[in-house]
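The values are calculated or read from the model by the stated rules, or taken from the named source; none is laboratory data. Because the structure is a prediction, the values reported are computed rather than measured. Cβ coordinates were reconstructed from backbone atoms using ideal geometry, including for glycine residues, and neighbour counts include every protein chain displayed. Quick note on the areas: whole protein, heavy atoms, side chains included, nothing else; ligands and nucleic acids left out. Shrake-Rupley method; radii C 1.70, N 1.55, O 1.52, S 1.80 Å.
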Amino acid sequence: MRDDELVRRQRTMLAQCGAEKSYPGGRSVMPAVVRASTVLFKTLEEMEVARSRRMEEKVFTYGAKGNPTCFELEDLIAELEGGYRTRLFPTGLSAIAMVFTSYLQPGDHILIADCVYQPVRHLASKFCTQYGIKASFFDPTSGDLELKIKTRTRAIYVESPGSILYEVCDIPAIARFARAHGILLIADNTWGAGMLYSPLRLGADISIIAATKYLGGHADVMMGAVTTKEDAWQDLFTMCDTFGMNVSPDDAYLILRGMRTLSSRLSIHERNALGVAQYLSDEAEISHVSCPAMPDHPTHQLWKRDFKGTNGLVSFEFKRRDSVATAKFINSLKLFGIGASRGAFESLVTPCVMDKERSLSDWSARGDVIRLHIGLEDMGMLIEDLKAALIAYRRAR
Ligand SMILES: *Cc1c(COP(=O)(O)O)cnc(C)c1O
């Protein structure tokens with residue numbers, strides 16, 4: 001490029017224009033997407049003051065330390081969860097992994113509910129083993145915590161309701177036990193989505209939400225959020241800064257936008273899921289329908305006591321194991337996508353391998369288990385689709 005007066009001015013202008021924006025008129029309803037690595041200060045003194053405050057407050061000092069769009073989302077989630085502060089992660093799983101990293105040290109023991117989302121088992125077997133942390137499982141419905149804790153138990157990790165079968169854990173009781181023994185209580189609150197359930201208000205210290213699911217709600221963005229009580233905050237915050245953990249403001253914006261309709265979407269998921277659960281319970285081929293809002297669910301009373309509603313998740317168990325007929329059922333569904341995840345607007349179906357999902361209960365003599373996520377489609381049409389797939393199932397048997 002020629003290096004004349006114009007090019008020199010252009011080069012400088014391109015590097016400096018638009019650094020300070022103010023618009024005549026009003027402001028937008030939604031927060032700005034602030035993409036930033038470098039953050040500028042007017043003076044050296046201003047930078048030093050901002051840096052000195054950033055351990056205690058949300059101040060914008062460098063992209064890796066958070067940015068205004070992410071701060072808006074953190075505040076919103078902290079408010080929903082009833083926590084002190086929230087930190088964001090690129091996925092729900094990375095949020096869980098960062099919680100393990102922040103609170104556990106070599107020699108510590110973590111007690112994990114047997115009903116957790118399966119990748120937590122990999123953290124227990126791979127990460128914990130590699131770093132000399134002991135991990136063991138407990139049955140969240142049996143109340144045998146006293147027998148399971150060890151002298152170095154640092155944390156209890158629950159997911160309530162549990163994955164696939166939706167066993168509700170008695171978080172207030174577990175929290176009293178944990179507090180009495182100086183143990184941290186960590187809860188995965190993805191199912192509750194910050195609205196249906198409040199682990200922190202019920203006594204947990206740390207609550208994790210895979211925002212990928214109901215918060216985002218549109219199957220187009222991944223994120224995890226960890227919210228803690230004030231006492232538990234510093235360990236997480238320090239480790240996140242040490243590891244440079246942050247999310248893109250574009251992703252934070254998508255979650256914020258999804259959350260505008262969280263409450264209305266949850267109401268429709270609930271109505272549709274209850275209709276489908278009711279329909280499935282009347283079908284002869286099905287032995288169990290799992291939805292904690294159904295009166296015959298084993299932990300329905302706890303759900304009634306601690307929850308504000310149910311979401312779109314319904315699982316069921318066929319009376320028999322028959323992989324050919326079950327595959328026929330899944331492949332015959334027209335309105336249910338075959339795929340992992342949940343929490344977005346669409347209905348999904350996934351087969352569950354229960355022998356891998358639980359280590360304390362024996363599934364060898366049980367039937368095939370299917371998990372449905374009931375979306376925002378018309379309930380009657382979803383039920384018709386399930387009816388037709390059950391006819392195909394019967395023919396394949
Ligand atoms: C999906 C999910 C996660 C992990 O979230 P990702 O964003 O998919 O990594 C964690 N816990 C539960 C209960 C989930 O459903």
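Numbers for the structure displayed
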item: FRET efficiency for Glu79 and Arg35, using Cβ-Cβ distance with R0 set to 30 Å, rounded to 0.05; result: 0.75
item: Per residue convex hull volume, Cα atoms of region 314-387, in Å³; result: 94 Å³
item: Over region 64-168, equivalent-ellipsoid semi-axes from the Cα gyration tensor in Å; result: 27, 18, 13
item: Rel. contact order, % - alpha carbon contacts under 8 angstrom, at least six apart, the chain; result: 16 percent
item: Leu335 accessible area, assembled protein chains, probe 1.4 Å, Å²; result: 70 Å²
item: Met223 - accessible surface, heavy atoms, 1.4 Å probe, Å² rounded to 10; result: 0 Å²
item: Principal axis dimensions, region 259-298 - Cα atoms, whole angstrom, descending; result: 40, 19, 12
item: Average projected area [Cα convex hull, the chain], square nanometres; result: 25.6 nm²
item: Protein accessible area in region 285-329, 1.4 Å probe - carbon and sulfur %; result: 52 percent
item: Rounded to 5, percent antiparallel among DSSP beta bridges of region 261-396; result: 90 percent
item: Two-site label geometry, Ala327 and Thr43: point separation in nm, points 7 Å out along Cα→Cβ; result: 7.3 nm
item: GluC sites (Glu not before Pro), loop per DSSP, at most 11 other Cβ atoms within 10 Å - longest free stretch of the chain; result: 58-397
item: Counting all C-alpha pairs of region 248-384, share separated by more than 21 Å (%); result: 47 percent
item: Residue-count net charge about Gln301 - beta-carbon cut-off 13 Å; Lys, Arg +1, Asp, Glu -1; result: -2
item: Dimensionless Rg ratio for region 217-281, taking C-alpha atoms and the 2.2 N^0.38 Å reference; result: 1.61
item: Cα-based Rg of region 125-171 normalised by 2.2 N^0.38 Å, two decimals; result: 1.28
item: Å² per residue, accessible surface of the chain at 1.4 Å; result: 48 Å²
item: For region 127-242, the spread of Cα positions along each principal axis, largest first, Å; result: 43, 36, 29
item: Filter on Lys304/Lys356; Lys319/Lys387; Lys126/Lys356 - keep pairs with C-alpha separation over 24 Å; result: Lys304/Lys356
item: Cα centroid separation, region 59-121 to region 232-268 (Å); result: 9 Å
item: At 0.692 mPa s and 37 °C, Stokes D of region 247-323 from Kirkwood alpha-carbon radius, µm² per second; result: 226 µm²/s
item: Calculated Rg and Dmax of region 81-128 using C-alpha coordinates, Å; result: 11.8, 32
item: Rg/Rh (Cα only; Kirkwood hydrodynamic radius) as it applies to region 1-114; result: 1.12
item: Solvent-accessible surface (1.4 angstrom probe) belonging to Asp170, in square angstrom, nearest 10; result: 40 Å²
item: Listed residues Gly182, Tyr157, Ile209: farthest to the positive end of the dipole of region 139-210 (Cβ charges); result: Gly182
